[in-house]
Amino acid sequence: MSIVEVRGLCKKYPEFTLDNVSFSLDKGRITGFIGRNGAGKTTTIKSMLNLVHPDAGEVSYFGMPLAGNEAEIKTRIGYSTGTLNYYPRKKLKDLIAVTKLFYPNWDEDAAREYAELFKLDLNKTPLELSEGMKVKCNLLLAMSHGAEVLILDEPTSGLDPFSRDELLDVFLQLRDHGVAILYSTHITSDLEKCADDILYIRNGKIVSSAERGRFIETMGQPGETLEEIMLRSEREARNG
Amino acid sequence: MGNMLKKEMKLSASILSYLFIAFGFMTLIPGYPILCGAFFTTLGLFQTFQSMRENNDTVYSALLPVPKRDVVRGRYAFVVFIEMCSFAIMAVMTLLRMTVLSGSTVYRVNALMNANLVFLGFALLIFGCFNSVFVGGFYKTAYSFGKPFVSHIIAAFVIIFIAEALHHVPGLEALNAFGFDHIGLQLIILLACAAAFAVLTVLSMKRAERNFERIDL
């Protein structure tokens, strides 16, 4: 069942155009969002969060358009745009204390569990954290209010392999609880482990949006991994 | 909205914004252009905008589950809150000068503006100018505040200059009334300036909401 619908997103920049991006996210499924740097992943995600205003197209969650329902929708979704890049000198516990004011469904137990799982010292400031730990803190904020949809821009970048593995396990648990997850990544081996669907974008256009097995079947050649499919596909596109 | 104001006070506000409220006490300084107290309060508020930009607050706020217009409204609510705190101090100090201190020689022998309801009105005009010129100007980009602040400094000092000069114009001496002299005129000017403050602030906030909605973050 689709709980997020993205239809015909277009955004023109001088050097880049997001061209008619459409896809949907289903309840209880993990979608890996792949593409080269500058392909349009972050612009798409920012458009889905109303941080960037598309020239055309619409985004709806739970059957409601984002425009006009932003506050209600944002309490029901979690999102992380990379690392924690704000208030570097505030203690994490103070940041969390303020952030949770805005979520009536904030789950204190879940926040504590994620803090323990991620080994986050809440008395530290973002300035004292490694990039990986900042990502984890952002994920704690995104996942501690019972979100039904998680939209994560490169959540595993900067994480060590063990932390990444732990995070993927968390994603799988959330998926089993019916959460829809969209996350962009360049680590395609992670997608082999947990993604149900693959969304592939190139030069602002969606090349493929399909169930992972079907994506490999239609885009790949026998024996190719996701990374090999992407590499070959990009080379073919570059060489015309 | 209440949560946005709490967020402003706990996370975004520079301590200087609170400390500079105390410039309201400058109302008591004899032989001093006391309207500068209102300007210094806005200088304290400027520190919050600096701190907010350094801390990437705009992106943090835009990601919160509130309509983008509430981000702007929260900021205006904080600004007006600080202004009203400073105004409350100025009002109490002005009442002191209008009553128990009204006969004091240091205040009577003073070429500069006297503390009365006209002074309070002009203080509100300076706050309205800050809200309109600086805060409204800031939200054209949600990033750049140098030009809006220079514009505010110029506008604020033009208001101070006019306020200080006006009562020296023949026929307008009543603007510098002591105590409750010409209280009707004093009240009319205070109310007119309060109305101007409200109009400048609300119009600026509406324009800022529209501008912030359009900005790509």
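The values are calculated or read from the model by the stated rules, or taken from the named source; none is laboratory data. Please read all numbers here as calculations on a predicted model, not as lab measurements. Cβ: placed from backbone, ideal geometry, glycine included. Neighbour counts: every protein chain shown. What goes into the accessible areas is simple: the full protein's heavy atoms, side chains included, and nothing from ligands, DNA or RNA. Shrake-Rupley method; radii C 1.70, N 1.55, O 1.52, S 1.80 Å.
Quick notes on this one:
- As a summary of the residue check, A:Phe62 satisfies the conditions (1) touching a Phe, Trp or Tyr at 6+ places or on another chain (Cβ under 9 Å); (2) open to solvent by less than 50 Å² (accessible area, probe 1.4 Å); (3) more than 10 Å from chain B (Cβ to nearest Cβ) except for the one numbered (1).
- Single unsatisfied condition, A:Ala142 versus (1) within 28 Å of A:Leu25 (Cα to Cα); (2) open to solvent by 10 Å² or more (accessible area, probe 1.4 Å); (3) touching a residue at least 12 places away in the same chain (Cβ under 8 Å): (2)
- Scanning the stretch A:42-56 for residues that are touching a residue at least 24 places away in the same chain (Cβ under 8 Å) and either surrounded by 18 or more Cβ atoms within 10 Å (Cβ to Cβ) or touching a Pro at 6+ places or on another chain (Cβ under 6 Å) (or both) returns A:Thr42, A:Thr43, A:Thr44, A:Ile45, A:Lys46, A:Ser47, A:Met48, A:Leu49, A:Leu51, A:Val52, A:Pro54.
- In the stretch A:190-203, the residues that are buried (at least 17 other Cβ atoms within 10 Å of the Cβ) and among the acidic types (Asp, Glu): A:Asp190, A:Asp196, A:Asp197
- Any hit, the stretch B:38-60, residues being under 23 Å from B:Val199 (Cα atoms) and in a loop (DSSP other than H, G, I, E, B): no
- Comparison of B:Tyr107, B:Tyr76 shows that the only residue that is in a helix (DSSP H, G or I), modelled with pLDDT under 95 and either acidic (Asp, Glu) or open to solvent by less than 50 Å² (accessible area, probe 1.4 Å) (or both) is B:Tyr107.
- Looking only at the stretch A:69-128, and only at residues there that are open to solvent by less than 20 Å² (accessible area, probe 1.4 Å) and on the phi > 0 side of the Ramachandran plot, the one that is nearest to the other protein chains (Cβ to nearest Cβ): A:Tyr87
- Taken as a whole, the condition of being buried (at least 20 other Cβ atoms within 10 Å of the Cβ), in a loop (DSSP other than H, G, I, E, B) and either among the polar types (S, T, N, Q) or within 13 Å of another protein chain (Cβ to nearest Cβ) (or both) applies to B:Val66.
- Hits in the stretch B:137-153 - residues which are in contact with a helix residue (DSSP H, G or I) (Cβ under 9 Å, 6 or more places away or on another chain) and of a type outside the set (Phe, Trp, Tyr): B:Gly137, B:Lys140, B:Thr141, B:Ala142, B:Ser144, B:Lys147, B:Pro148, B:Ser151, B:His152, B:Ile153
- Residue selected from the stretch B:162-206 under the condition on the phi > 0 side of the Ramachandran plot and in contact with a helix residue (DSSP H, G or I) (Cβ under 6 Å, 6 or more places away or on another chain), by the criterion least open to solvent (accessible area, probe 1.4 Å): B:Gly179
- Residue match in the stretch A:154-161 (condition: on the phi < 0 side of the Ramachandran plot and in contact (Cβ under 8 Å) with a residue 60 or more places away in the chain): yes
- When each of B:Met9, B:Met1, B:Met52 is tested for being crowded, with 21+ Cβ neighbours inside 10 Å and within 12 Å of chain A (Cβ to nearest Cβ), the lone residue that passes is B:Met52.
For every residue, the table says whether it meets (1) out of contact with any helix residue (DSSP H, G or I) (no Cβ under 9 Å at 6 or more places or on another chain); (2) on the phi < 0 side of the Ramachandran plot; (3) crowded, with 17+ Cβ neighbours inside 10 Å.
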{"site": "A:Thr188", "(1), (2), (3)": "no, yes, yes"}
{"site": "A:Lys205", "(1), (2), (3)": "yes, yes, no"}
{"site": "A:Thr218", "(1), (2), (3)": "yes, yes, no"}
{"site": "A:Thr225", "(1), (2), (3)": "no, yes, no"}
{"site": "A:Glu236", "(1), (2), (3)": "yes, yes, no"}
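- Count of residues meeting criterion [over 20 Å from B:Tyr76 (Cβ atoms) and not aromatic (Phe, Trp, Tyr)] in the stretch B:25-55: 12
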